[in-house]
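Scroll down for the structure; my scribbles are underneath it.
Rule-based calculations on the coordinates, nothing more; no lab input. Not measured: the values here are computed from a predicted model. Every residue, glycine as well, gets a Cβ built from its backbone with ideal geometry; the counts of neighbours run over all protein chains shown.
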4 protein chains.
Amino acid sequence: MDRRSQILQMAGHLFSQRGYHATSIRDLAQALNLQGGSLYAHIASKEELLLEVVRQAAARFQEVLEGLPEAGPKEKLVALVKGHLRVIAEELPRATVFFHEWKHLSPPLLEEAKALRRRYEEGVQRVIAEGVEKGVFQVENLRLATLFLLSALNWTYQWYRPQGPMPLEEFSEAYAGMALRALGAGEGGEDGQA
Amino acid sequence: MDRRSQILQMAGHLFSQRGYHATSIRDLAQALNLQGGSLYAHIASKEELLLEVVRQAAARFQEVLEGLPEAGPKEKLVALVKGHLRVIAEELPRATVFFHEWKHLSPPLLEEAKALRRRYEEGVQRVIAEGVEKGVFQVENLRLATLFLLSALNWTYQWYRPQGPMPLEEFSEAYAGMALRALGAGEGGEDGQA
Amino acid sequence: MDRRSQILQMAGHLFSQRGYHATSIRDLAQALNLQGGSLYAHIASKEELLLEVVRQAAARFQEVLEGLPEAGPKEKLVALVKGHLRVIAEELPRATVFFHEWKHLSPPLLEEAKALRRRYEEGVQRVIAEGVEKGVFQVENLRLATLFLLSALNWTYQWYRPQGPMPLEEFSEAYAGMALRALGAGEGGEDGQA
Amino acid sequence: MDRRSQILQMAGHLFSQRGYHATSIRDLAQALNLQGGSLYAHIASKEELLLEVVRQAAARFQEVLEGLPEAGPKEKLVALVKGHLRVIAEELPRATVFFHEWKHLSPPLLEEAKALRRRYEEGVQRVIAEGVEKGVFQVENLRLATLFLLSALNWTYQWYRPQGPMPLEEFSEAYAGMALRALGAGEGGEDGQA
DNA sequence: AATGAATGAGTGTTCATTCAT
DNA sequence: CATGAATGAACACTCATTCAT
């Protein structure tokens, strides 16, 4: 891994643990056995680092959407939930920054971060909408259902720990079940207009 | 409202909007038409301010738990969801600080904040556990179900805006419905062992 | 004792213990069960307090000089040493400020403090000069002998504690003996050209 | 001389002239043609600077004790007095800080400063004690005699100026003479048990 | 690439002092 | 007389960033 990647990795780690503002360039340099000024041979600014971490996380989440199987809504939703939680488990620091620290970007870059987040949310909404259209999901309000699902998913970065007692597979299986039920697509029913 | 309450209110507002570290004492003072140093006639430190805001929010959430009706699990859960969302709607800045900024407290005070959050989460878990015991809720894993619910509820502070297009009543009604279904207590069924 | 005297006493106490700059007006007020601003009904400024304490100490030392017995040089010197040490013992805080903290006065007032100290030193020098003229003291260099004596006397405020194990009388008796010998006026000899 | 030594030297100079609390980090930086914050590339804190200056002075005084000739008590005491006064003359700023400003250290460091001072005083006391044991010095009270000598010596930093009219050699010669007499070891007598 | 010294703005906090009440 | 709120300047110290080496 080249220097820049090392720096980005460590930045993700520290930003996620302490927060962007509470992490100084010197903290970051020290964690890499460097002097503060030395980072500037590799990066343009602290803020660029933040944006880059956000972009990397966004890319991982976007891959989930793009890798969804061509299948019925339930299967798709399960894949989405599992994929989302896998990204969080595998990329906890970056995901944390994606969910929280992006707010500290300043206007020009902030827009990009917002757009990345919006794009993902729209993708999630499409998955639900498709299920509703096909009569598999029953929701009163599409937007609200999307936000309910995203909330349940996003907040997990706050408490799920991959090294913890619950393996990812068990965790995401159970989570997907609750998500389906919340969307009115309980266990039994066929997937699609059977 | 006395000066200290004004300061606390404004601190909650700014901490929630910009984050604790990105809000300087001078920012806070300026928002109150004061000089930076003048705040120290009313507060002991910036950190004390943060803790106080966290405490106030925690108190509001705790009231919800304590005001739950003596009723069946479904009714109780609905009241919990609605109460939680009402606190978020009515106390958006403080709730935001309660969910996020508490992390920036330093060790002695950090423990108090963690304890306050833990106490609330345990209360929520008890409500779900009761429903499970009475056979009203069907969940695979109690802890996970609690975290699912808390996630769906907590993250709302990120996107729900009381001045937005959706009135609180409609929002929380729909949200409660999804929560119930997620816990395996769909519409129909009696509340309790009918 | 009126308020102003109380304030002056406490100021002497705190200035001597912590130093002028390390004692804040609020420290002083607090020690008197007052609010910081309240002191200004009684004093003009912090610096005025310092000068006043210096003046009070200077007056006590000056009294020693003026109360010296009309007697031979040895007797006079013994009275001077004992008087000086008594003032230190009885007025430790003020004496400490007189010896040290006067330096923090700013130019206009600084001159007064310097003059007070100079006046006392000149008085001490006259006592020694008289002994030299009368052939009782044998010193190589009058100025140096004076400074030697003053040094031995002044520094005592650093270590002599009236509540300590050595009673003032014993202490100053022994001290006077060493002073006399240093000035070449050992035990035996008559006092004056008998 | 490297930057850190320059800073320490200037710190000694300013602390001795104005006092520790009356010397700001910006004063110090300005005297070195730097910005305030720039000092922190070289030092850890203002207090560290104070302790370091105290240590350097203590080392110089301790060298005097350790370089004392193996000779009779009178010769040794003369060497001690002259050595002590030479350190004051050559290291006036540091010596001043050693005598006065050490009090502003806070507890953990304060103890070190006290220990350094105590060690030196004990060394001085041993020199006198030896002379007393050998019958060369006659003192009523060993501890008091030590404090008398130390007082006469220490206070000199307040008034002796190396650039002044009196050369160090003449000054310390005369001072040593008075010290010897104060200890009851006048000119004539042999040095030792003749 | 990396260092180490420097900058200038900014941090939270304290200060002596003022003043309406 | 005393209070409590306020000021404006100062404090020690940290920050992101620059740059000669």
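Residues of the stretch A:11-26 with amide nitrogen under 15 Å from the 7 Å Cα-to-Cβ point of A:Leu109? Taking a point 7 Å out along Cα→Cβ of A:Leu109, the residues of the stretch A:11-26 whose backbone N falls under 15 Å are A:11-16, A:19-26.
Dipole of the protein assembly as shown computed with +1 at Lys/Arg Cβ and -1 at Asp/Glu Cβ about the Cα centre; of B:Gln125, D:Thr146, C:Leu183, farthest Cα towards the positive end is C:Leu183.
When the GluC sites (Glu not before Pro) in the stretch D:101-182 are filtered for DSSP coil states and for at most 13 other beta-carbon atoms within 10 Å of their beta-carbon, the remaining sites are D:Glu140. Taking a Cβ cut-off of under 14 Å around D:Glu63, the surrounding Lys, Arg, Asp and Glu residues balance to a net charge of +3, with basic ones at +1 and acidic ones at -1. Note on chain B: helix-only mean residue ellipticity at 222 nm, from DSSP H runs of 4+ residues weighted -39500 (n - 2.57) and normalised by residue number, equals -21500 deg cm²/dmol. Each Lys and Arg adds +1 at its Cβ and each Asp and Glu adds -1 at its Cβ; summed about the Cα centre, the protein assembly as shown shows a dipole of about 980 debye.
Sequentially through the stretch C:132-148, phi angles give Karplus couplings (6.51, -1.76, 1.60; θ = phi - 60°) of 5, 4, 7, x, 7, 9, 10, 10, 6, 9, 4, 4, 5, 4, 4, 5, 4 Hz, Gly and Pro residues having no value and appearing as x.
Taking a ≥ b ≥ c as the square roots of the eigenvalues of the Cα gyration tensor, the stretch D:91-194 is oblate, since a/c reaches 1.5 or more and a/b is not larger than b/c. Cα-based values for the protein assembly as shown, radius of gyration first and Dmax second, are 39.6, 137 Å. Here the simple spin-label model places points 7 Å from the Cα toward Cβ, and for D:Met1 and A:Met1 these points are separated by 4.7 nm.
Nearest to the axis that brings chain B onto chain D is this chain B residue, judged by its Cβ, with the distance in whole Å: B:Gly36, 9. As an exercise, use a Förster radius of 22 Å and the Cβ-Cβ distance of B:Gln62 and B:Arg126 to find the FRET efficiency, rounded to the nearest 0.05. E between B:Gln62 and B:Arg126, to the nearest 0.05, is 0.95. Compared with the direct C-alpha span, the chain from C:Ala22 to C:Glu70 gains 12.9 nm at full extension, assuming 0.36 nm per residue.
Label-point spacing at C:Ser106 relative to the other copies reads 2.7, 3.4, 3.8 nm, in ascending order, each point sitting 7 Å out from Cα along Cα→Cβ.
Result for chain A in a Gaussian network model with C-alpha springs under 10 Å: among A:Gly184, A:Gly37, A:Gly83, the largest mean-square fluctuation is at A:Gly37. Each of D:Gln35 and C:Gln9 was given a label point 7 Å from its Cα along the Cα-to-Cβ line. The distance between the two points is 5.1 nm. Across the stretch C:46-182, the relative contact order, built from alpha-carbon pairs under 8 Å that are at least six residues apart, equals 35 percent.
On the basis of the beta-carbon distance and an R0 of 35 Å, A:Trp159 and B:Ala44 show a calculated FRET efficiency of 0.65. How would you classify chain C from its alpha-carbon gyration tensor, with a ≥ b ≥ c the square roots of the eigenvalues: rounded for a/c under 1.5, else prolate if a/b is greater than b/c, otherwise oblate? Prolate is the answer for chain C, as a/c is 1.5 or above and a/b outweighs b/c.
Placing +1 on each Lys and Arg Cβ and -1 on each Asp and Glu Cβ, with no other charges, gives chain D a dipole about its Cα centre of roughly 660 debye.
Summary for B:His42: label point 7 Å along Cα→Cβ; distances to the equivalent points in the other copies, ascending, 3.1, 4.3, 4.6 nm.
Taken over the C-alpha atoms, the stretch A:43-136 has Rg and Dmax values of 14.8, 51 angstrom. Inter-copy label distances for A:Met166: 2.4, 7.6, 8.5 nm (label point placed 7 Å from Cα along Cα→Cβ; shortest first).
Among the residues of C:170-178, the average count of other protein chain beta-carbon atoms within 10 Å of the residue beta-carbon is 5. Karplus-based coupling profile of the stretch A:122-131, in residue order and whole Hz: 5, x, 4, 4, 4, 4, 5, 4, 4, x, with θ = phi - 60° in 6.51 cos²θ - 1.76 cosθ + 1.60 and x standing for Gly or Pro.
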